[in-house]
Amino acid sequence: MKPTMNLKMLNNNKGLIIGLLAFLIVLVFTDLDPDNPAITYTLAVALLMAIWWMTEAVPLAVTSLLPVALFPLLGIMDGRNVVVTSKCIINHLPSPQRCGTESQKRAYAEMKAREITNLIHGTK
């Protein structure tokens, strides 16, 4: 194996371990809202995703699927809602072809954010 491959694998392993440790530490030692543990669990998943994304400990596709696997396991959301929410966000991302100036891009993104919020909460 090349020396650069060994160094990359070592960094990936560090990111994997640090991410899992941070996830477990937040789950065990943090309580952001005693009445709503889902807030703390969501922080733990977000921290794990951020560390794995920055260190590329696992492929980005795997990192992006963590909420689909962990949210139902931790009781944050049920599996159907996680998938529907993810699909809505992906389908409503601003397209560069539809956006011109910065203000148009911002307005389009704000409109799509409102649409997604309405879809999630079932309002119009």
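Observations on the structure shown:
- Relative protection proxy for 114-120, 48-54, from highest mean packing down: 48-54, 114-120 (other beta-carbon atoms within 10 angstrom).
- Once backbone amide H atoms are built at 1.01 Å from N, residue 30 has no partners under 5 Å, excluding neighbours fewer than 5 places away on the same chain.
Since every read-out is calculated from the coordinates, none of them should be taken as a lab result. What you see is a predicted model; the values in this text were computed from it and never measured. Ideal geometry is used to build each Cβ from the backbone, glycine not excepted, and the neighbour counts take in all protein chains shown.
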